[in-house]
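Just below is one structure, and these are the notes that go with it.
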Amino acid sequence: MTAATGTRARGVARRAGGVPGGARRVWAVKAGFVALLAAVWEAAVRFGDLGTFPAPTELCRALTDLVGDGEIGGPVLDTLTSWALGLLVSAAIGVPVGLVLGVSASAYRLCRFLLDFLRTIPSLALVPLAVLLYGSGLGSKMLLIVFTCVWPILLQTVYGVRDIDPVAAETCRSYRIRPSHRALFLILPSAAGYLATGVRIAAGVSLLISLSAEIIIPSPGIGQAITSAQLGGAIPAMYAWIAVAGVLGVLINLLFTRVERRALRWHPSQRQGGGR
Amino acid sequence: MTSSTSPVVESALLSVSGLAKSYGDGASRRQVLADVEFTAQAGDFLTIVGPSGAGKTTLLRCMSGLLAPDAGETRLSGAPVAEPPADMALVFQDYSRSLLPWMSVVGNVTFPLRSRGVAKPERRTRAEEALAAVGLESSARLYPWQLSGGMQQRVAIARALAYGPRILVMDEPFASVDAQTRAELEDLVLDLRDRLGVTFLLVTHDIDEAVYLADRVVVLSGAPTTVTAVVPVDLGRKRDQVETKARPQFVSLRSQVYRLIRAAAEDKEAK
Ligand SMILES: Nc1ncnc2c1ncn2[C@@H]1O[C@H](COP(=O)(O)OP(=O)(O)O)[C@@H](O)[C@H]1O
Ligand SMILES: [Mg+2]
């Protein structure tokens with residue numbers, strides 16, 4: 001499973017950078033590599049023929065312009081709002097439903113067909129429906145995001161609940177742990193590793209669907225800004241907006257990786273030194 | 001051949017009678033327990049010894065209300081056990097899985113109390129006392145996985161003590177620690193029994209351990225399991241890993257238990 005390999009790879013990376021001096025050197029090498037790539041790219045644009053593809057300097061200028069005249073704020077805010085709200089609603093639906101389907105095998109069997117059916121509908125097929133219901137506003141984007149993001153969260157929660165250690169469960173039963181405490185202090189933490197993976201995947205997907213919806217519907221946000229720039233012939237601005245979307249994606253992934261690492265300090269994949 | 005007679009049963013803290021349990025259905029049905037019977041008096045240190053696969057864990061799960069037996073019943077302080085009773089605390093063999101890794105040591109120890117609605121100051125005190133009793137007062141803030149195996153099992157014992165049970169039931173608690181740690185933990189539970197007066201019921205496959213710890217040893221036969229004999233151990237209250245185990249009386253008790261287990265196995269094979 002990709003999630004498991006992801007966490008393991010991260011553990012290895014952290015161990016490699018364990019020495020403080022070594023970490024600094026790793027960063028220096030990384031920065032140097034990026035600078036080298038940028039230089040090659042700049043040279044390729046200046047001396048080669050890459051069509052409308054901008055040089056890094058042009059891209060930077062276009063980006064500074066976006067930031068400078070404050071144009072960047074609105075679309076970024078629009079995209080982030082739908083991203084965050086969509087993710088929140090997906091979790092609010094996916095986690096509780098996942099808990100129930102994880103605990104009750106019969107409930108899972110009952111819903112399995114419906115689940116598999118809904119999950120395979122590409123959300124972009126729902127664009128006309130979303131527009132019919134909510135026009136080009138936030139509602140449309142939310143519908144599409146939630147319809148896509150609820151599945152990874154829900155399924156990961158189901159897997160997590162199923163993975164509760166039977167000895168831990170039996171211990172809780174023998175100590176007469178009451179149901180609310182069971183859910184909060186046994187089931188939820190047991191599922192936390194899976195859940196974090198589900199939310200991290202959903203966070204990326206949520207951004208993807210936000211942008212796609214903004215381009216296709218179109219609806220206010222970075223996606224629409226990309227289309228407008230292209231239609232208006234502002235090609236460097238178009239690239240700048242694409243870069244903004246990319247940076248947002250990287251930041252979101254970084255944020256979730258950090259939060260996951262802090263929240264799951266106790267988890268075998270995150271333990272630093274000691275432990276078994 | 002059990003030592004239980006009805007007056008004893010009535011005054012016993014724990015009494016198990018006619019317990020039977022099978023796993024599986026139809027052709028794959030396999031009887032594990034057949035008519036298991038024994039009693040424990042308050043303050044007793046009872047050990048149950050039987051070979052691996054004899055159904056010791058099954059027996060504990062049935063008598064602690066975790067698993068419904070096919071027949072028979074367990075009574076604790078006279079009341080039939082249908083679900084895990086509040087007067088009984090369990091210590092599992094697999095400490096690393098029984099302790100919750102997302103809770104600190106003190107969090108694990110207080111968790112059952114918190115769930116029972118014990119107020120925070122009292123939880124604190126009880127956890128501190130229990131951790132001090134097992135010699136872990138300085139590790140309260142650590143996480144279980146930061147401790148050695150022996151220390152983790154001490155945490156599990158502290159959790160059981162803090163729960164305030166009348167009987168502490170342990171399923172091969174020292175089977176997965178090294179020999180030195182095992183001896184230390186054996187002496188720890190003997191000491192706890194002496195100081196706190198808790199009743200212990202400890203299951204083991206190790207005959208030495210069964211005799212060393214017990215006031216009485218309940219000897220199980222192989223599956224389907226019955227109680228072959230209850231052997232009283234008159235070695236006094238004070239035990240010592242070296243001295244007690246060298247005593248002729250200890251050696252002869254050990255041989256007696258060993259012979260009982262072997263005879264039961266041969267008996268079963270003959271059938
Ligand atoms: N949940 C179960 N389902 C089917 N068979 C089981 C189950 N638990 C234990 N058994 C079988 O019952 C027998 C006794 O198991 P157990 O009580 O764990 O023995 P012990 O603790 O003495 O080693 C074993 O043969 C084991 O395979
Ligand atoms: Mg066992």
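The values are calculated or read from the model by the stated rules, or taken from the named source; none is laboratory data. On a predicted model such as this, the values are computed, not experimentally measured, just so you know. Cβ coordinates were reconstructed from backbone atoms using ideal geometry, including for glycine residues, and neighbour counts include every protein chain displayed.
Here are a few things to note about the model shown:
- Subset of the stretch B:176-208 that is within 14 Å of chain A (Cβ to nearest Cβ) and either within 16 Å of ligand 1 (Cβ to nearest atom) or closer than 12 Å to B:GLN241 by Cα (or both) - its residue that is nearest to the chain's Cα centre (by Cα): B:LEU201
- Test result for A:ARG176, at pLDDT below 85, within 11 Å of chain B (Cβ to nearest Cβ) and in a loop (DSSP other than H, G, I, E, B): no
- Single unsatisfied condition, B:VAL211 versus (1) within 14 Å of chain A (Cβ to nearest Cβ); (2) among the hydrophobic types (A, V, I, L, M, F, W, C); (3) away from ligand 2 (no atom under 16 Å from the Cβ): (1)
- Failed condition for B:SER98, given (1) at the interface with chain A (Cβ under 9 Å from one of its Cβ atoms); (2) among the polar types (S, T, N, Q); (3) touching a His at 6+ places or on another chain (Cβ under 6 Å): (3)
- Check on B:GLN241, touching a residue at least 40 places away in the same chain (Cβ under 8 Å), surrounded by fewer than 18 Cβ atoms within 10 Å (Cβ to Cβ) and not hydroxyl-bearing (Ser, Thr, Tyr): yes
- Failed condition for B:LEU168, given (1) away from ligand 1 (no atom under 16 Å from the Cβ); (2) under 30 Å from B:LEU136 (Cα atoms); (3) more than 14 Å from every other protein chain (Cβ to nearest Cβ): (3)
- When A:ILE153, A:ILE145, A:ILE164 are screened for being among the hydrophobic types (A, V, I, L, M, F, W, C), within 14 Å of chain B (Cβ to nearest Cβ) and in contact (Cβ under 8 Å) with a residue 24 or more places away in the chain, only A:ILE164 passes.
- Residue in the stretch B:62-80 that is within 16 Å of ligand 2 (Cβ to nearest atom), within 22 Å of B:VAL227 (Cα to Cα), assigned to a helix (DSSP H, G or I) and out of contact with any His (no Cβ under 6 Å at 6 or more places or on another chain) present: yes
- Residues of the stretch B:52-73 include none that is touching a helix residue (DSSP H, G or I) at 6+ places or on another chain (Cβ under 7 Å), modelled with pLDDT under 95 and closer than 22 Å to B:LEU253 by Cα.
- Filtered residue count, the stretch B:190-207, keeping only those that are farther than 24 Å from B:LEU260 by Cβ, of a type outside the set (Lys, Arg) and assigned to a helix (DSSP H, G or I): 4
- The criterion of being within 16 Å of ligand 1 (Cβ to nearest atom) and buried (at least 21 other Cβ atoms within 10 Å of the Cβ) does not hold for B:LEU213.
- Residue check, A:ALA183 touching a residue at least 60 places away in the same chain (Cβ under 8 Å) and either within 30 Å of A:GLY74 (Cα to Cα) or within 22 Å of the chain's Cα centre (by Cα) (or both): no
- Counting the residues of the stretch B:116-162 that are under 14 Å from B:VAL106 (Cβ atoms), of a type in the set (Ser, Thr, Tyr) and within 12 Å of chain A (Cβ to nearest Cβ) gives 1.
Here's the yes/no breakdown for (1) touching a Cys at 6+ places or on another chain (Cβ under 6 Å); (2) basic (Lys, Arg); (3) away from chain A (no Cβ under 14 Å):
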residue: B:PRO51; (1), (2), (3): no, no, yes
residue: B:LYS56; (1), (2), (3): no, yes, yes
residue: B:LEU60; (1), (2), (3): no, no, no
residue: B:ALA68; (1), (2), (3): no, no, no
residue: B:THR74; (1), (2), (3): no, no, no
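- Qualifying residue in the stretch A:263-273 (condition: outside any helix (DSSP H, G or I), surrounded by fewer than 20 Cβ atoms within 10 Å (Cβ to Cβ), of a type in the set (Gly, Ala, Ser) and within 11 Å of chain B (Cβ to nearest Cβ)): yes
- Residue in the stretch A:197-209 that is among the polar types (S, T, N, Q) and at pLDDT below 85 present: no
- Looking only at the stretch B:69-85, residues that are aliphatic (A, V, I, L, M) and either free of Cβ contacts under 8 Å to residues at least 12 places away in the same chain or touching a Lys or Arg at 6+ places or on another chain (Cβ under 6 Å) (or both) come to 1 in all.
- Taking residues in the stretch A:201-217 that are outside the structural domain of A:LEU155 (by TED's automatic domain parsing), and partners anywhere that are surrounded by fewer than 24 Cβ atoms within 10 Å (Cβ to Cβ) and modelled with pLDDT under 90, not one pair has Cβ atoms closer than 8 Å while being at least 6 places apart or on different chains.
- Selection within the stretch B:42-68 - touching a Lys or Arg at 6+ places or on another chain (Cβ under 9 Å), more than 12 Å from ligand 1 (Cβ to nearest atom) and closer than 18 Å to B:THR199 by Cβ: B:ALA42, B:GLY43, B:ASP44, B:PHE45, B:LEU46, B:THR47, B:GLY65
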